[in-house]
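J.: Here you go, one structure.
The values are calculated or read from the model by the stated rules, or taken from the named source; none is laboratory data. This one's a predicted model, so the numbers in the text were calculated from it and none came from an experiment. For neighbour counting, all protein chains shown are included, and Cβ atoms are generated from backbone atoms with ideal geometry for every residue, glycine included.
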Amino acid sequence: MCRMMATRPAGAGDADEVLAAFRRQARFGATGTQELRAHADGWGIAAGRAGRPQLVGRSVADAFDDPRYDEAVRVANTVPRGALLLAHLRNASVGGKRPENTHPFVADGWAFAHNGTIHGSERIAAGDEPHEGDTDSERFFRRFLHEWKRTREPEAALRATVDLVDARCTYTSITCLFTDGRTLYGYRRLGSDPGECGTKECQRDHYQLGVGRRGASVVVAQEPTHLGLDGWETVPDGFLLEWREGGKPTTRGLAPGVAAR
């Protein structure tokens, strides 16, 4: 169970404020309880520079007190106004605490972050896509890249990947954020396995995806706590969020995809 966040800074210093607030979820987010572990198994930040996402920092340490997080935030704060930032706090389920297993994953012009556990993810592995780590999340991302290269349509590629996961795996959630550096996509999807939550109600609360505002900046996140967000609105289960450069986030049901190969 992880936490993800994306934003487009509206002005100088906005990235610093949002990312500083986000790191508090590593200790005090929804899983910071006795029942569920906190998000302390690593962190990563990617930034869309010139329309292409680049990793600006990642670590297997706890973001809450990792000085390298501060260094990455300083780099992220230099991105141009309106550039996309994608950040992730990891709670490891599949794959050890290694840099290669730390989100966001960046490859072929895309950055990707995921929250949830996909059981049997080896059944969706794309053999023509190189893997750096051994997580279910990266297997999902590499399958998405395989389908995207085939369709050149992000929505069709996601739908084909989701259809394959539904057919071959079980999962707690395939809620994810991914971007080509200009457009942010978010997808919320709950599975039949409630996971560590133990109940469907807890699963619905934990695997959220929503949109809010912090001052002049729009923020897409999984929970509003500690982020200081106003106007929080959740994305319905099974819906796709799309946030194009220069526009506002919109949501819609995910359309049928092109059959995976």
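J.: What do you reckon, is ALA221 in contact with a Gly (Cβ under 7 Å, 6 or more places away or on another chain) and farther than 18 Å from ALA126 by Cα?
T.: Numbers: in contact with a Gly (Cβ under 7 Å, 6 or more places away or on another chain): yes; farther than 18 Å from ALA126 by Cα: yes.
Spelling it out, ALA221 is indeed in contact with a Gly (Cβ under 7 Å, 6 or more places away or on another chain) and farther than 18 Å from ALA126 by Cα.
J.: Inside region 190-207, can you point out the residues that are surrounded by fewer than 21 Cβ atoms within 10 Å (Cβ to Cβ), assigned to a loop (DSSP other than H, G, I, E, B) and either within 14 Å of the chain's Cα centre (by Cα) or of a type outside the set (S, T, N, Q) (or both)?
T.: ASP193, PRO194, GLY198
J.: Only one of (1) without any contact (Cβ under 8 Å) to a residue 60 or more places away in the chain; (2) closer than 24 Å to LEU89 by Cβ; (3) surrounded by fewer than 17 Cβ atoms within 10 Å (Cβ to Cβ) is not met by THR170, so which one is it?
T.: Among (1) without any contact (Cβ under 8 Å) to a residue 60 or more places away in the chain; (2) closer than 24 Å to LEU89 by Cβ; (3) surrounded by fewer than 17 Cβ atoms within 10 Å (Cβ to Cβ), THR170 violates only (2).
J.: Taking into account only those residues within region 94-145 that are in contact (Cβ under 8 Å) with a residue 12 or more places away in the chain, assigned to a loop (DSSP other than H, G, I, E, B) and of a type in the set (Gly, Ala, Ser), which is nearest to LEU190 (Cα to Cα)?
T.: Among those that are in contact (Cβ under 8 Å) with a residue 12 or more places away in the chain, assigned to a loop (DSSP other than H, G, I, E, B) and of a type in the set (Gly, Ala, Ser), it is GLY116.
J.: Next up: Please tell me if ARG182 is modelled with pLDDT under 95, part of a loop (DSSP other than H, G, I, E, B), surrounded by fewer than 23 Cβ atoms within 10 Å (Cβ to Cβ) and of a type outside the set (A, V, I, L, M). Let's see the steps before the verdict.
T.: Numbers: modelled with pLDDT under 95: yes; part of a loop (DSSP other than H, G, I, E, B): yes; surrounded by fewer than 23 Cβ atoms within 10 Å (Cβ to Cβ): yes; of a type outside the set (A, V, I, L, M): yes.
So ARG182 fits the description; yes.
J.: Also: Could you figure out which of (1) farther than 30 Å from GLU17 by Cβ; (2) modelled with pLDDT under 90 isn't true of THR170?
T.: Status for THR170: all satisfied but (2).
J.: Something else: Determine whether region 182-190 contains at least one residue that is more than 18 Å from THR251 (Cα to Cα) and either polar (S, T, N, Q) or touching an Asp or Glu at 6+ places or on another chain (Cβ under 9 Å) (or both).
T.: We begin by selecting, within region 182-190, every residue more than 18 Å from THR251 (Cα to Cα); these are none.
Looking through region 182-190, none of the residues is more than 18 Å from THR251 (Cα to Cα) and either polar (S, T, N, Q) or touching an Asp or Glu at 6+ places or on another chain (Cβ under 9 Å) (or both).
J.: Right, next: Here are some conditions: (1) crowded, with 16+ Cβ neighbours inside 10 Å; (2) assigned to a loop (DSSP other than H, G, I, E, B). PRO236 meets all but one. Which one does it not meet?
T.: (1)
J.: List every residue pair whose Cβ atoms lie under 7 Å apart, where the two residues are 6 or more positions apart in sequence or sit on different chains, the first residue falls within region 175-187 and is closer than 16 Å to ILE45 by Cα, and the second residue, located anywhere, is among the aliphatic types (A, V, I, L, M) and assigned to a loop (DSSP other than H, G, I, E, B).
T.: THR179/LEU84; GLY181/LEU84; LEU184/LEU84
J.: Do we find a residue being small (Gly, Ala, Ser) and crowded, with 24+ Cβ neighbours inside 10 Å anywhere in region 88-102?
T.: no
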